[in-house]
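The values are calculated or read from the model by the stated rules, or taken from the named source; none is laboratory data. No experiment lies behind these values; they were computed from the predicted model shown. A quick note on method: Cβ atoms are made from the backbone with ideal geometry, for glycine too, and the neighbour counts reach across all protein chains shown. For the accessible areas, the whole protein counts, side chains as well, though only heavy atoms, and no ligand, DNA or RNA atoms are used. Shrake-Rupley method; radii C 1.70, N 1.55, O 1.52, S 1.80 Å.
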Amino acid sequence: MAETGIAATYHGTNIPFDLREYPVPDPEPGAAVLALTMANVCGSDLHYWRGDIDVVKMGRPTPMALGHEGTGKIHKLGDGVTTDTLGESLSEGDRVVFQYFYPCMQCATCLKGHTYACPTRQFDRTQSADVWPHFRGTFAEYYYLHPKHAMFKVPDSLSDLEIAGINCALSQVVSGLDRAGLTFGETVAIQGAGGLGVYAAGIAKARGAAKVIAIDGVDERLDLIREFGATDVVDIREYETPEERADAVRDLTGGLGTDVTLELVGHPGVVREGLDMTAHGGRYLEIGNINVGWDTEFDPSVIVFKSISVIGIAHYKAEDLRNALNFLIAYKDRLPFDRILSHTFPLSQIDHAMEQQDKGYITRSALIPGS
């Protein structure tokens with residue numbers, strides 16, 4: 001009898017996930033199959049689940065595979081796959097982190113070096129989970145890595161709790177701060193102290209930021225981001241208006257504003273104040289706003305007269321994933337990476353996990369496949 005595994009499939013807003021059993025695929029040459037050990041519930045997954053992004057109306061077929069942030073072990077290797085992306089030998093059972101999208105490496109965008117923006121990088125997500133190889137998302141017991149994937153072997157010194165967020169949240173802020181050119185002594189504002197924000201604080205301090213200012217209104221988040229390097233916080237319960245928050249950031253930076261500001265809230269309403277708190281000649285990193293069709297208003301002359309560079313970040317280069325792993329290894333004993341995930345749930349309780357995280361009862365959760 002063929003080996004099978006469970007995938008939690010998505011069918012639309014307010015519809016419970018359906019746990020479906022699929023045959024575990026044999027990898028084609030150049031591909032690999034992972035047995036997943038942990039899959040995080042990312043903010044983008046909540047956007048889909050709530051219907052902020054109605055992917056069904058947008059034409060995505062159901063049942064749909066969800067989940068992208070996670071880690072696992074090598075289950076099967078396709079012909080020709082003997083090492084990870086750095087050339088380190090791989091065997092069944094080895095723990096890896098992986099890039100969950102697939103730049104083609106051949107189009108004009110990729111050839112310019114912008115592999116993070118390859119137009120076809122998410123081709124696999126446009127297919128139904130009912131279509132081979134079935135395991136297209138991390139909310140499942142297995143995950144199929146297509147040819148041209150990027151993956152890196154994980155040392156035993158790092159736990160799944162510490163590395164589960166590396167292939168989305170951490171790599172994205174590594175990529176963003178790289179593309180923003182953050183340099184020693186500059187100042188940073190972080191709009192939103194969730195998982196992305198906490199990682200961003202750690203990376204910014206490690207790169208020599210003089211000030212890292214976190215903006216949020218949840219005690220647990222503000223406490224944790226301080227541990228990751230935030231030098232100051234702007235509590236939105238105290239500074240209730242956009243103007244007050246922008247003024248607070250300018251006050252903390254000698255009236256200048258921050259050199260780099262990261263939007264990690266995921267709501268377009270914070271963009272105006274983010275631009276207002278950014279310094280002349282600064283950079284505004286837009287990472288959180290993935291909700292298609294959500295509009296906002298701001299005065300574009302602010303960008304012009306302050307000469308602000310606006311940089312959109314959706315994905316990252318393979319080397320950003322490698323650098324994120326190196327950061328975890330180097331800072332394992334200095335930063336509490338294991339605390340970014342507050343709760344774990346069995347894969348079978350995926351609906352409960354979504355509800356708890358959506359209502360704010362927990363800060364960030366992970367699903368444990370096979371349980």
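Matching residues to (1) out of contact with any Lys or Arg (no Cβ under 8 Å at 6 or more places or on another chain); (2) within 22 Å of Ser171 (Cβ to Cβ); (3) at pLDDT 95 or above:
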site	(1), (2), (3)
Leu19	yes, no, yes
Ala32	no, yes, yes
Gly43	yes, yes, no
Leu46	yes, yes, no
Ile53	yes, yes, no
Thr62	yes, no, no
Leu66	yes, yes, no
Thr71	no, yes, yes
TODO: Check Ala248, Ala209, Ala180, Ala200 and return the single one that is in contact with a helix residue (DSSP H, G or I) (Cβ under 7 Å, 6 or more places away or on another chain) and of a type in the set (A, V, I, L, M, F, W, C).
DONE: Ala200
Task: Number of the exception - Met151 against (1) surrounded by 22 or more Cβ atoms within 10 Å (Cβ to Cβ); (2) closer than 24 Å to Thr83 by Cα; (3) modelled with pLDDT under 95; (4) of a type outside the set (Lys, Arg) - done: (3)
- [ ] Could you grab me the full set of residues in the stretch 21-50 that are open to solvent by 20 Å² or more (accessible area, probe 1.4 Å) and closer than 14 Å to Tyr100 by Cβ?
- [x] Ser44
Task: Residue check for Leu222: within 23 Å of Ser365 (Cβ to Cβ) and surrounded by fewer than 23 Cβ atoms within 10 Å (Cβ to Cβ) - done: yes
Open item on the list: in contact (Cβ under 8 Å) with a residue 24 or more places away in the chain and over 28 Å from Thr9 (Cα atoms): is that true of Ala201 in this structure?
Closed with: yes
TODO: Would you mind telling me which numbered condition in (1) polar (S, T, N, Q); (2) closer than 21 Å to Ser157 by Cα; (3) at pLDDT 95 or above Ser348 fails?
DONE: (2)
Task: the stretch 317-367, residues that are of a type in the set (Lys, Arg) and either buried (at least 21 other Cβ atoms within 10 Å of the Cβ) or outside any helix (DSSP H, G or I) (or both) - done: Lys317, Lys332, Arg334, Lys359, Arg364
Open item on the list: Based on this model, can you work out whether Ala209 counts as under 17 Å from Leu182 (Cα atoms), of a type in the set (A, V, I, L, M) and either within 23 Å of the chain's Cα centre (by Cα) or open to solvent by 30 Å² or more (accessible area, probe 1.4 Å) (or both)?
Closed with: yes
Open item on the list: Given the options Ala200, Ala193, Ala230, name the one that is part of a helix (DSSP H, G or I) and crowded, with 24+ Cβ neighbours inside 10 Å.
Closed with: Ala200
Task: Residue ID - surrounded by the most Cβ atoms within 10 Å (Cβ to Cβ), chosen from residues in the stretch 234-263 that are closer than 21 Å to Ser309 by Cα and under 25 Å from the mean Cα position of the chain (by Cα) - done: Leu262
